Amino acid sequence: MKNASAPVTHYRKDYLPPDFLIETVKLKFELDPNATLVSSELMLRRNPQSDGLAQKLFLNGEGLTLKAIFIDDEELTEKDYDIDESGLTLNRVSDRFVLKTCVEIDPANNAALEGLYVSGDKFCTQCEAEGFRKITFYMDRPDVLAEFFVRIEADKTQYPLLLSNGNKLDSGDLSENKHYTEWHDPFLKPCYLFALVAGDLDLLADEFVTHSGRKIALELYVDKGKLDQSQFAMESLKNAMAWDEKRYNLEYDLDLYMIVAVGDFNMGAMENKGLNIFNTKYVLANPATGTDQDFENIESVIGHEYFHNWTGNRVTCRDWFQLSLKEGLTVFRDQQFTEDMRSKAVKRIDDVKVIRSYQFAEDAGPMAHPIRPDAYIEMNNFYTVTVYNKGAEVIRMLHTLLGEEGFQKGMSLYFKRHDGSAATCDDFVAAMSDANQFNLDQFKYWYSQAGTPTLRVDYDYDESNQCLKLHFSQNNAHESASEPYFIPVKLGLVGTKGNQVSFSSAEFGLTNVEEGLIIVTQPNQTVNLEGVSEEVIPSLLRDFTAPVKLDINYSDQQLAYLFANDGNTFNRWDAGQRLMQRFLIDEEDSIKESIAEAFRALLNDQSIDNAFKARCVQIPDLKTLFENDPNGRIDSLIERRKTLKKFLGIALEDTWSRLYNQLHRASDLDLDGVSVANRALKNASLDYMAFSSEQHEAIVIKQFEDAKLMTEELSAFSIANHHELEVASKITQAFYDKWHSEPLVMDKWLAIQASVDSLDTLNRIQTLRHDRVFNIKNPNKVRALFSTFAALNFSQFHRIDGAGYRLIAEAIIEIDEFNNQVAANLAKQFSSAAKLDDARKMHVQQQLKKVIDKENLSKDVFEVVSKTLE
Ligand code: PHE
Ligand code: ZN
C-alpha cells in the first residue's frame, strides 16, 4: 500500500445517533460543466437523542472547493473551522444554527460517476451510498432525514430541462439566456435519495390513476431520438404501480413520477425520490434492439425502483450495514412482481441459478459476509449478491413461514411503526414477529452469519408402521457461523407410479397432505412422516425454500425418475441439473445415455411448457460446476461440459431439428409468454444442432438474415461465434455495420465476442478495446468486454499461462485511475483464487500483487484485493 493514509474499517457495532439533525436543506445549483457552484443552506438543530455534549460538528465533503461559509449569516474565519480531504469540521456550534456554504465542483471531469457528473450532454447525479458528499458539505448518512428545497440555474438552450425530487414549485427566465426551476420534496429524505438532472431530452408522458383516484403524471425522459425504445418501460411502470396496490396495498405518494435514462451509470438504476435515474440498459428496448431477456430485465428493474418508494424511501436504512433492509426486501418484491406477471416456476428457476452460481461462490470466497455485514472499508463493495439476492431469500423464508396473509400483516405493522424514519433489519424482523406472534429469535442467525449451510438428509422407510424417517443434519463451514439455522423445508413424496403420496406429521400440524412445510432447527434432527402408504422418493426443499445446499443421496435412477415425475416444477428441473452433474463432476460416463433419454421424454411431452423445457436442457454453467466441484478442476469441467453438450446434440439430432422447424414455423413477433418460451426453446435447439445437422450453418445464416427480433438475430450471431462457424466473421461484421450506432446493441456485440472459448479471444479483446464503439470510461462497455470475459469465459480467463488474469489485472489498474467502484467490481472476479490449482493460483497472486502495489490504489480495490490475497 502506497496510500497516504491506511484505509479505515467501519464497524456496525460502532453506530451512534447523529449529534445534530438537519431540518431543512436549501440548495442552489448554478450549472456549468467545469465549474458548477453549489450553495447550501442547512437548518441544523441538536439531536435530542444524542448526549448533547458535542461542541464541534463534522460534515462530510470530498473534492469540494470552498468559496464561502457562514453561520447564522456571519462569515466564518479560519479558526472557526477545519477542512481536510474527508470534510469540514465546525469548531464551535450552538444548539440551533443555520450553516451556509458555497462550493465549486467540476462535473465534466467526474469519471467516477458519483456525485454530480456529466453523461452525454446532460448533468445527472448518483448519491447512494456516499456520493452526496461530493456535491456539498453535509451529514452524509442515511439516518439524517431532511426536507429539501432545490433551485437549479442553467443555460436555457443547452439545458431546457431542469429536474429534481418532488414537486416543481416555480420556473422562469434569467438574464444571459439562463433559466431556473425550483423544486420541493415534501417527504423527509436522506441525502442519498437526492437527484438532479439537466439536459435536452425527449419525453414520453403518461398518467396513472391510483386506487384512491389520484392522478399521477408519469414522465420518462430519454436521449433525443430514443422514444421508439421507451414504450415498454412505461408500460412496466404502470404495471408495477398497479401491482403494488393490489398485492401490498401501497399507493404512490407524490403527484409526479419521473424516470431519466443515462448511458453512463455504475449500477442498474437508482430509486431517488420521485426522480429515478436509470442505466439506459434497463429502459431502452424495442423488439428490434432488445432481446426477450432485456424486456424481462427492464420490467423487473423498473418494478424494483418503483417498489423502493415504500421499501427504501418511506422507510429507509439507519446505517449502511442495514442495506439488506431495503434491498433484500425490494428484490423479493420485484421477484414476486415478475412471478405474477410471467411464469412463477420459471422465474424461481432463474433466481435460484443466480444464488447457486454467484451467491454461493461469494459465500465461499474471500469477500464472504452476512446479509447484514459487520464491517466494511468501502460501502460500495457491499452492493452484492449476498445483500441483494440472499437477502431476498431470507425475506422469502419469512413469507414461506408466515404465509401471504401473515407476511402482509407484518408489512403493515412495519410501515405503521417506521414510516418516515430510518430503521434496522432487527426492526423489520420484530414487526414480522409481533404481527404474527411468531418467535423469530433463531431465524435471525440468517442476518448475522455468513456462508452457505449444507443440509444433509438421510431417510429410511418403515413399512409396517407406514412411517418415513427423515434425518437432517446441518453444517456450515464458515467461521462466523456457529449457531444452527432455522430452515423451512417444503416437501412432498413421489410414489413409484409417478404419483404424489400423501403424509402426515403431528409435529408440524400436517394431516394427509401431498405437500407440506417442516422446519429444521437443530444441528441433527429427525422428522417422522406418518401415514406413508408406500415406498417413496422424498422431494425436498421444493421451490428452494431455503438458501442451503441440499445433500441427499439419490441413486441415478431416482434422479432420472424425479426429473420425469416430481410434482414440483422446480424440483423437477433441479433433478435434471443434478443428473447432469453426475456426468460433469462425478465423472459417471455411462449416465449420459439416461440424460439423453430423459431429455427425449421431456421434449416430446406436449403437456409441458416450452419455457420450462428450455431451462431443463441448459447444462449447468461452469461457474456453478466449479462452485460445486470440491476440487475445482477447471480443465476437466470444461472438457466434460463440451463432451456432454456434443453428445446430447448428436444423440437427439432428430428431436432438435424437429423442434427447431416446428417452432420456427410457428414463430411470430409477439412478446407474450408463449412466444418468448417458443423462441427460447427454438434457439436452444439450434445451439445443439450445431453438432449434427449438416444444414446447420445455412440455418444460422438464414435466421440471422431474416431476423426481425433481436432475440433471433443475437442468437444466430452468438451461435455462429460460439461454434466458430465459417460464417462467423461475416456475421460479426454485418451485425456491427447494422448496429454500430446503438450503444446497447454494441454491448451485446462485445460481450459475445469476449465469451468465445477460443485461444484467439485475448487478441480479439485487445483489438476490440481500440474499436471506436469501445470506451473504457463507460461502465456498460467495461462490463460487456472485461466482466463478461472474466465471469463467463472460463477457459480463457483461466488460461494456464496466466494471460487471462493479466488482461483483467491491467484493466483494473487502468480503470482505478478514474472509477474505483467499477475497478473494484472487476477485482471481485478473482474471488475463486483459493480454489484454483497451484499453477493458476500463482499467476493470480502475481497479478494481484501488481494491483496492490499500484500508486494511489483506491480503498475500494484495496479492500477486495487484500482480502483475496490473504
Ligand atoms: N439502490 C440501487 C438499487 O438497488 C442500486 C444502486 C446502488 C445504484 C448504488 C447506484 C449506486 O436499485
Ligand atoms: Zn434496490
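Where a number appears in this text, it was derived from the coordinates with a stated rule and is not lab data. Nothing here was measured: the structure is a model prediction, and the numbers come from that model. FYI the Cβ positions are ideal-geometry reconstructions off the backbone, even for glycines, and counts take in every protein chain you see.
Restricting segment 137-245 to GluC sites (Glu not before Pro) that sit in a DSSP loop and have at most 14 other Cβ atoms within 10 Å of their own Cβ leaves 176.
For residue 76, the amide hydrogen comes within under 5 Å of the amide hydrogens of 69, 70, 71, counting only partners 5 or more places away or on other chains and with H modelled in the peptide plane.
Shown for segment 1-105 is the translational diffusion coefficient from the Stokes-Einstein equation, using the Kirkwood radius over Cα pairs, a temperature of 37 °C and a viscosity of 0.692 mPa s: 212 µm²/s. Couplings 3J(HN,Hα) of segment 39-55, computed from phi: 9, 10, 10, 10, 8, 9, 8, 4, 6, x, 7, 8, 6, x, 9, 4, 9 Hz, in residue order, whole Hz [Karplus 6.51 cos²θ - 1.76 cosθ + 1.60, θ = phi - 60°; x for Gly and Pro].
Under 4 °C and 1.567 mPa s, how fast does segment 404-523 diffuse according to Stokes-Einstein, given a Kirkwood radius computed over C-alpha pairs? Answer in µm²/s, whole number. Approximately 76 µm²/s, per Stokes-Einstein. Looking at the chain alone, DSSP beta bridges between its own residues are antiparallel in about 80 percent of cases. Based on alpha-carbon centroids, what's the gap between segment 564-628 and segment 802-870 in Å, whole number please? Here the answer is 35 Å between Cα centres. Mind running the shape call on the chain? Use the C-alpha gyration tensor, a ≥ b ≥ c as the square roots of the eigenvalues: rounded below 1.5 for a/c, prolate if a/b tops b/c, oblate otherwise. Note, shape of the chain comes out prolate. Averaging the sequence gap over all C-alpha pairs within less than 8 Å and six or more residues apart, then dividing by the number of residues, gives the chain a relative contact order of 9 percent. For the cross-link pairs 13/867; 353/849; 26/156, which exceed 24 Å when the distance is taken from alpha carbon to alpha carbon? Over 24 Å apart, Cα to Cα: 353/849. Extension gain, residue 666 to residue 511, is 51.2 nm, computed as 0.36 nm per intervening residue step minus the present C-alpha separation.
Axis of helix 556-565 versus longest Cα principal axis of the chain: the two differ by about 70°, to the nearest ten degrees. Comparing 42, 221, 443 along the charge dipole axis of the chain, the residue lying farthest to the positive side is 443, per the Cβ-charge model. Does segment 745-856 come out rounded, prolate or oblate, given a ≥ b ≥ c as the square roots of the eigenvalues of its C-alpha gyration tensor, rounded meaning a/c under 1.5 and, failing that, prolate meaning a/b above b/c? Since a/c reaches 1.5 but b/c is at least a/b, the shape of segment 745-856 is classed as oblate. An oblate overall shape is assigned to segment 578-624, the ratio a/c of its alpha-carbon gyration tensor axes (a ≥ b ≥ c) being 1.5 or greater and a/b not exceeding b/c.
Lysine pairs in segment 60-136 whose alpha-carbon atoms fall under 22 angstrom of each other, counting only those eight or more residues apart or on distinct chains, come to 6. Counted by neighbouring Cβ atoms within 10 Å, the residues 200, 556, 170, 223 run from fewest to most as 170, 200, 556, 223.
From least to most packed, judged by other beta carbons within 10 angstrom and beginning with the fewest, 497, 730, 326, 347 follow the order 497, 730, 347, 326.
Applying both filters, DSSP loop and at most 14 other Cβ atoms within 10 Å, to the GluC sites (Glu not before Pro) of segment 496-573 gives 507, 514, 534, 535. The GluC sites (Glu not before Pro) of segment 694-772 meeting both criteria, a DSSP state outside H, G, I, E and B (loop) and at most 16 other C-beta atoms within 10 angstrom of the site's C-beta, are 694, 724, 726.
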